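As structure tokens, the structure follows; a few thoughts come after it.
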Amino acid sequence: MTAPNPEPTRDLQVAKSNMDKFGYCVLTNVLSINEVDALRTRLFEQVEAEEQLDKTWVNPIGKQLVKFLVNKGQVFRDLLFQPNYRAVVDHVLGPEYLLSSINAHIAYPGGSLEFHRDQFWMPPPSNDKKEPLIRAGAINRKEHKGHHVLGEDNPLTISPAVVCNSMWMLDDFTEENGATILVPGSHLSGREPDPRLDTDANWTSAVGPAGSVAIFDGRTWHSTGLNVTDQPRVGINTGFCAPQFRQQENFQLGTAPEVLEEASNELLALLGFKTYLGYGGTEGNHEWVARGQYGLGELKPKP
């Protein structure tokens, strides 16, 4: 018998349990109506201004993305520090992690499905002291999908979660308007979804009222749902990754100077300006790094 899918919840412990068992949760009442309204207002101001500059970006499945929201308003940066939300991320990744990306997703009527995992790039573990069949630097989005990536029906070991992604609901998310769809429990499969074989893999819509956030393990199979209404569906995606991994958006280069000038240490750490176990520094033993902090160049001794 298939286990019941997780219901939206306000209970933090239930949300954490759902993450462990199902690979995702929907946490409700995280944002107030006023906060949702402020996010929508700022977002659509930005959308209109970017359209005027011909900077609109639509991905191959017909979804408009507004990227790098860390630069585009304090209301977006505030999302990163909602305590109940961050408690769930801590539960998945532990106490140290980086912001990988923050962008808006506008799913217009129509579109198409794209089954994937967010940490598709994670090298699969090898079993029984075998050499891995896929070299880490050879992984790509197109070739390494499906049930037999390693030639095994049921892998004995799986990779840990090193990504935790989220979709903030600025509309009510419903099956009809393209709520994110996921496969409960797929985070423990050790596999990538195959678009040819997995269309009937118990895909479930992560529905919830505006002000909720769907949080999912980076190994969980998911896709934007199909929007069969006549209105766009609006959400904001925030993703985190373990500190050993490259971020999707390059915040060290792309964050606006005025944002960095006002940033708290907590935000700077999320953006990658804090070193981790000796990694990410320049020259010298620094806990923090900054732009323009270069290593020494070629030197010659004084005569």
Checklist outcome for this item: Heads up, the helices (runs of 4 or more DSSP H) in segment 220-296 (entirely inside) with at least 3 residues that are modelled with pLDDT of 95 or more and not aliphatic (A, V, I, L, M) are 251-254, 257-262
Checklist entry - Take the residues of segment 1-29 that are free of Cβ contacts under 8 Å to residues at least 40 places away in the same chain and among the aliphatic types (A, V, I, L, M): which is nearest to residue 164 (Cα to Cα)? => result 14
Next on the checklist: Looking only at residues that are part of a loop (DSSP other than H, G, I, E, B) and more than 22 Å from residue 109 (Cα to Cα) in segment 209-219, which one is modelled with the lowest pLDDT?
Outcome noted: 219
Next on the checklist: Looking only at segment 68-100, filter to residues that are outside any helix (DSSP H, G or I) and among the aliphatic types (A, V, I, L, M); which one of those is surrounded by the fewest Cβ atoms within 10 Å (Cβ to Cβ)?
Outcome noted: 80
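Matching residues to (1) more than 30 Å from residue 41 (Cβ to Cβ); (2) among the small types (Gly, Ala, Ser); (3) surrounded by 23 or more Cβ atoms within 10 Å (Cβ to Cβ):
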position	(1), (2), (3)
159	yes, yes, no
176	no, no, no
179	no, yes, yes
195	yes, no, no
216	no, no, yes
220	yes, no, yes
226	no, no, no
Checklist entry - If you check residue 32 against the conditions, is it in contact (Cβ under 8 Å) with a residue 40 or more places away in the chain, of a type in the set (Ser, Thr, Tyr) and surrounded by fewer than 16 Cβ atoms within 10 Å (Cβ to Cβ)? => result yes
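The values are calculated or read from the model by the stated rules, or taken from the named source; none is laboratory data. This is a predicted model, so every value here is computed, not measured. Neighbour counts are summed over all protein chains in view; Cβ atoms, including those assigned to glycine, are modelled from backbone coordinates with ideal geometry.
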